[in-house]
Amino acid sequence: MELLKERILKDGIVIMPDILKVDSFLNHQIDPTLYRQIAQEFKARFKDTKITKILTIEASGIGIALATAFEFDDAPVVFAKKTQSINIDGEVYHTKVESFTHKRTYDVILSKKFLNEDDHVLIIDDFLANGCAMLGLIDLVKGSGATIEGAGVVIEKGMQNGGDLIRSQGVHLESLAIIDSMTDTSLTFRN
Ligand code: 5GP
């Protein structure tokens, strides 16, 4: 998605060798026009796919998932919650996710009320790095018996192995920009 790549080059900031800051337009301040274009691009890439739920993880995925839902006939958005004190009472699907940016492990839950075996799910997130967040979401969907129709991420960091991991599981993964390398002075995309 050329517009997105241009925006990353213009406003993205590489902090540390492996973290890209895009908080001026994607995940702190939000550019609604860009979100709309991102959502339309996801729609184009999954155009003939029947989706009944959009699934993401709090917090940065929620806005993108909502924008995407408008393109998929207002399919409900459900987001997995990160929690510190877990009391697994049978009412929730549960998994664990190691956070790449925060270097810690979260328990992640999703109410059983909001996902079941009749659902056809599109998973959405802002970044794909080592794939832990996405694998956690896939695990939750598998636990529910729902069908994973695909996964869409805005930015995949191709130098980390998350994309390979998810694709090797047979999941239809679409990344709108795949970064092949980045330093504080240069950033290259995969074509
Ligand atoms: P993963 O679980 O694939 O290693 O990392 C995915 C999650 O970590 C994303 O949901 C995102 O919030 C965060 N993340 C990973 N890499 C980056 C990055 O370079 N920049 C930002 N802003 N967030 C990242």
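Since every read-out is calculated from the coordinates, none of them should be taken as a lab result. A quick note: this is a predicted structure, and the numbers were derived from the prediction, not measured. Please note: Cβ atoms are built from the backbone with ideal geometry, for glycine as well, and neighbour counts cover all protein chains shown.
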Residue match in region 162-173 (condition: within 14 Å of I57 (Cβ to Cβ) and part of a strand (DSSP E or B)): no
Selection from region 1-29 of residues that are under 21 Å from A151 (Cα atoms) and surrounded by fewer than 17 Cβ atoms within 10 Å (Cβ to Cβ): E2, L3
Residue among T101, T185 that is away from the ligand (no atom under 13 Å from the Cβ) and of a type in the set (S, T, Y): T185
Residues that are more than 19 Å from S175 (Cβ to Cβ) and assigned to a strand (DSSP E or B), drawn from region 1-58: I13, I15, K53
Residues satisfying the stated conditions in region 54-95, i.e. farther than 20 Å from L34 by Cα, away from the ligand (no atom under 16 Å from the Cβ) and aromatic (F, W, Y): Y93
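Specify which of the listed residues (D180, D184) is over 17 Å from the mean Cα position of the chain (by Cα) and assigned to a loop (DSSP other than H, G, I, E, B).
So the residue among D180, D184 that is over 17 Å from the mean Cα position of the chain (by Cα) and assigned to a loop (DSSP other than H, G, I, E, B) is D184.
How many residues are assigned to a strand (DSSP E or B) and either buried (at least 19 other Cβ atoms within 10 Å of the Cβ) or within 14 Å of the ligand (Cβ to nearest atom) (or both) if we restrict to region 104-149?
The total comes to 16.
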